[in-house]
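Have a look at the structure below before the remarks.
None of the figures in this text is laboratory data; all of them are computed from the coordinates on show. Everything quoted here is computed from the prediction, not taken from an experiment. Neighbour counts are summed over all protein chains in view; Cβ atoms, including those assigned to glycine, are modelled from backbone coordinates with ideal geometry.
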Amino acid sequence: MSKKEKKIDLENLTPEEELKYEIAEELGLLERVMENGWKSLSAKETGRIGGLMTKRKKQMRAEAMEQ
C-alpha cells in the first residue's frame, strides 16, 4: 500500500500529528481530511492549521518553562 493510499490510524499518532488533527477538528476540517486526505484542503486552510500549531507549541513551551 503506497503512502497515498494509506488509511489514517488515529490510534498511533505522534504528539505533533495529534495536535494537527485536533486543530483541524476545531476548524471544522477534520471530516474532509478523513474522507479525502490532506490534499483536499486549500493552501490557506493548511497554512492556518500550521500557524495555529506553531502558536500552540509556543504556548506549551512557555507553560513548561513556568513550572
Kindly give the semi-axes, whole Å and largest first, of the ellipsoid equivalent to the chain, taking each as the square root of 5 times a Cα gyration tensor eigenvalue. 25, 15, 9
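Total Lys pairs in segment 14-66 closer than 17 Å by alpha-carbon, pairs eight or more apart in sequence or interchain only? The partial results should precede the final answer.
On the way: 20/39; 20/44; 20/55; 20/57; 20/58; 44/55.
Taking the Cα cut-off of 17 Å, the pair count is 6.
Please work out how much length the chain gains when fully extended from residue 9 to residue 40, using 0.36 nm per residue of separation minus the C-alpha to C-alpha distance, in nm with one decimal.
9.4 nm
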The chain: which GluC sites (Glu not before Pro) are DSSP loop and have at most 16 other beta-carbon atoms within 10 angstrom? 11
If Lys and Arg each add +1 and Asp and Glu each add -1, what is the summed charge of the other residues whose beta carbon sits under 10 Å from the beta carbon of residue 29? -2
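Restricting to DSSP H runs of at least four residues, report the calculated mean residue ellipticity at 222 nm for the chain, -39500 (n - 2.57) per run over all residues, nearest 500 deg cm²/dmol. Mind dumping the intermediate values first?
Working: 3 runs with 43 residues, N = 67.
Per the formula, -21000 deg cm²/dmol.
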